[in-house]
Amino acid sequence: MSEQRQPYRTHWLTWFFSAMVLIPTILGFANKFLDLVLVVQGDEDGAFAVTPICNYLFATAGFLCLFVWTATQGAFQNLDGPSHTMMENEKRLDSQP
Amino acid sequence: MSAGTNVVTADRNFPKHQDLVEERLVLWYFVAALTFMTVSMLAGTLMGLQLIRHNPLPAIEILSPGRWRMIHTNAIAYGFLANAFLGIMHWVIPRLTLRPCLNRQLSYLIFAAWQFVVLATAVGLIFGQAQGLEWGETPVWIDPVAQLGLLLVAINFGAPILQTRGPMYVTLWYYLAALVWTFLTYAMGNFVPEYFVCGSSAGAVGGLFIHDLVGLFVTPLGWGMMYYFVPILLKRPMWSHGLSLVGFWGLAFFYPLQGIHHFLYTPIPMFLQYGAVLSTIALELVVVTVIINFVGTLYGTGGLVVTNLPLRYFYTGILFYFLTCLQCALQVTMTFQALIHFTDWVVGHAHMVMFGVFSMWQLGVMTYLVPRILKTEWYSTKWCEWHYWASAGGLLVMSGDLILGGLFQGWSWAALQPWDASIRLSLPFWSVRLVAGLVIFAAQLLFLLNFYLTWRNAPRSTSVTEPASGLATA
């Protein structure tokens, strides 16, 4: 399948929203991690927070592994490819006798 | 061509629909889902009658309103939504991956096991064995069975997804994540507060559970479904598949942070509450990407929303989704929360999410798939239209009424008026809510009857799939 060039506007929007999502996520994560460090250092008022923070760290670590694995699989090389393939497959499935 | 694109070049090797999709099971799931929806709405109606002081079943302990309320919420979550999602996944995943589910017998076993779990939950709740966790009231003896069921679901659906090679379509991303998230979320909510933590910490985990059940179970399955059906009905690919991936990863990284926003103004540390508030507002950016993508996909063909009923269901749900997320961004601010905390605003919001968005999407998919599977038109297309308008209109009235009533309740409490005063001012709103609920309930019964009569008229053999139903004309 020939690689299809993305329209400039969708390409630009993808990167723009990626930045908008990633920057606050990283800041939020850093903030949470700092809180966890403070809790571990003996801030008793924050002891309640250990369980939810551990939950979040656990979940985020999973997503991070999944994200890295996805990137290594080449999922972000031809971003619109799977969408066209899906339409093509649907057409073929429906055209069967 | 990448091997992972799943396109098989030779037609003789291309899998056939009937070898991939177990259509009978899809229908069975739909029947189970609609049956539990009927039970849930009956319970909601009884609870609505109780609120206006007309409880038809007074002094019967096992039918007390508190227990009916739990039947209402649990039957919708695990009986209607979960069953409908499972049925739809039996259609979508094999067609996207071009591989059937792992094991046909296992699929039927899961169907039977899931009905057992939901029925046992209902019986347990009626007999007062509820676990002390909102939406996790499933009796403790059912939790391990449900957890095992979710594991089997993940294995059965995960196998064909994991066998695909190369870039995956966004629906499969959502589905794969939902299979893992639902398993983990259920375990977190039902076991951690019960056996491992207590007090405010358990409250924080409970908040995560309630929120993640919406965000990591219902939301990914719902959006995954939309990314599949909307392009098919519009006969054009998504406006930007890349943008849809931004939405997916945004959900993955942001959603788990937000559970605490259900417990603002509680003893949970303020930095956690503020973290939840900020991430909820930030998630609106992710929501905007999704909305832009679906509006961009529709661009130039907007008229189809009028003529194509399933598509109308989908875009109505998308509109309600945008409204609920906008509400979220406002209601999680501490100032706003001080007014609406514990009021019916929250109930209106919850109904808009669960019925206005996800149920509408599922009903739209059923409207599209039932005639395809049964190889016949709907018994009455007019009834289908009535079903849509009564569902959408009833929901709009119900949620609007509860949201407005919630504001009045909040102002009443803020003015330090006696509790009775807020009850008195709520009664007209609760009456309107009951009427709107009855309209929605009647619409679902009409849909169920239409489904039954359509099935009765269907030809005996259902082995070949026709391309589209009359209501889904593009």
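When A:58, A:63, A:48 are screened for being more than 8 Å from chain B (Cβ to nearest Cβ), part of a helix (DSSP H, G or I) and at pLDDT below 80, only A:58 passes.
Name the residue, out of B:209, B:229, B:196, that is open to solvent by 30 Å² or more (accessible area, probe 1.4 Å) and over 15 Å from the mean Cα position of the chain (by Cα). Lay out the reasoning, then the answer.
On the way: B:209 fails: open to solvent by 30 Å² or more (accessible area, probe 1.4 Å); B:229 fails: open to solvent by 30 Å² or more (accessible area, probe 1.4 Å).
None of the others qualify; the one that does is B:196.
Scanning region A:78-97 for residues that are surrounded by fewer than 13 Cβ atoms within 10 Å (Cβ to Cβ) and either within 21 Å of residue B:224 (Cα to Cα) or not polar (S, T, N, Q) (or both) returns A:91, A:97. Of all residues in region B:169-191, those that are among the aliphatic types (A, V, I, L, M), closer than 21 Å to residue A:82 by Cβ and out of contact with any His (no Cβ under 7 Å at 6 or more places or on another chain) total 6. Among the residues of region B:227-267, the ones that are hydroxyl-bearing (Ser, Thr, Tyr) and assigned to a helix (DSSP H, G or I) come to 4 in all.
For the condition touching a residue at least 12 places away in the same chain (Cβ under 8 Å), closer than 30 Å to residue B:305 by Cα and not assigned by TED's automatic domain parsing to the domain that holds residue B:97, residue B:188 does not qualify.
Report whether or not residue B:123 is of a type outside the set (D, E, K, R), part of a helix (DSSP H, G or I) and free of Cβ contacts under 8 Å to residues at least 24 places away in the same chain. Answer is yes for this residue. Look at (1) hydrophobic (A, V, I, L, M, F, W, C); (2) within 19 Å of the chain's Cα centre (by Cα); (3) facing chain A (nearest Cβ under 8 Å) and you find that residue B:271 fails only one, number (2).
Among the conditions (1) crowded, with 20+ Cβ neighbours inside 10 Å; (2) in contact with a Ser or Thr (Cβ under 9 Å, 6 or more places away or on another chain); (3) in a helix (DSSP H, G or I), residue B:219 misses just one, which is (2).
Within region B:154-180, residues that are away from every other protein chain (no Cβ under 13 Å) sit with their Cβ atoms under 6 Å from residues that are outside any helix (DSSP H, G or I) and surrounded by 18 or more Cβ atoms within 10 Å (Cβ to Cβ), at 6+ positions apart or across chains, in these pairs: B:156/B:101; B:160/B:99; B:163/B:99.
Selection of first residues in region B:325-340 that are in the same structural domain as residue B:405 (by TED's automatic domain parsing) and of second residues that are small (Gly, Ala, Ser) and crowded, with 19+ Cβ neighbours inside 10 Å, restricted to Cβ pairs under 6 Å at least 6 apart or on distinct chains, gives the following pairs, ordered by first then second residue: B:339/B:410; B:340/B:406; B:340/B:410.
Is one or more of the residues making up region B:211-221 in contact with a Phe, Trp or Tyr (Cβ under 6 Å, 6 or more places away or on another chain) and within 12 Å of chain A (Cβ to nearest Cβ)? The answer is yes, given that some residue of region B:211-221 is in contact with a Phe, Trp or Tyr (Cβ under 6 Å, 6 or more places away or on another chain) and within 12 Å of chain A (Cβ to nearest Cβ). Scanning region B:239-247 for residues that are at pLDDT below 90, of a type in the set (A, V, I, L, M, F, W, C), open to solvent by 10 Å² or more (accessible area, probe 1.4 Å) and in contact with a helix residue (DSSP H, G or I) (Cβ under 9 Å, 6 or more places away or on another chain) turns up at least one hit. In region B:120-142 there is no residue matching the filter, namely being within 23 Å of residue B:89 (Cα to Cα), modelled with pLDDT of 90 or more and either surrounded by fewer than 17 Cβ atoms within 10 Å (Cβ to Cβ) or within 14 Å of chain A (Cβ to nearest Cβ) (or both).
State whether the residues of region B:304-311 include one that is more than 28 Å from residue B:384 (Cβ to Cβ), touching a residue at least 24 places away in the same chain (Cβ under 8 Å) and not in a helix (DSSP H, G or I). Looking through region B:304-311, none of the residues is more than 28 Å from residue B:384 (Cβ to Cβ), touching a residue at least 24 places away in the same chain (Cβ under 8 Å) and not in a helix (DSSP H, G or I).
Entry remark, region A:81-97: residues being polar (S, T, N, Q) and in a helix (DSSP H, G or I) number 3 in total.
If you go through region B:276-289 one residue at a time, do you hit one that is closer than 23 Å to residue B:182 by Cβ, modelled with pLDDT of 85 or more and facing another protein chain (nearest Cβ under 7 Å)? Even if it seems obvious, please write down each step before you answer.
Of the residues in region B:276-289, the ones closer than 23 Å to residue B:182 by Cβ are B:276, B:279-280, B:283, B:286-287.
Remaining after also requiring modelled with pLDDT of 85 or more: B:286-287.
Filter again for facing another protein chain (nearest Cβ under 7 Å), leaving B:286.
Yes, the conditions are met somewhere in region B:276-289.
Based on this model, can you work out whether residue B:106 counts as within 17 Å of residue B:158 (Cβ to Cβ), in a helix (DSSP H, G or I) and open to solvent by 20 Å² or more (accessible area, probe 1.4 Å)? Yes: the conditions hold for residue B:106.
The values are calculated or read from the model by the stated rules, or taken from the named source; none is laboratory data. Just so we're clear, the structure is a prediction, and the values are computed from it rather than from any experiment. Neighbour counts run over all protein chains shown; Cβ positions are idealised from the backbone, glycine included. With ligands, DNA and RNA removed, areas are computed over all heavy atoms of the protein, side chains included. Shrake-Rupley method; radii C 1.70, N 1.55, O 1.52, S 1.80 Å.
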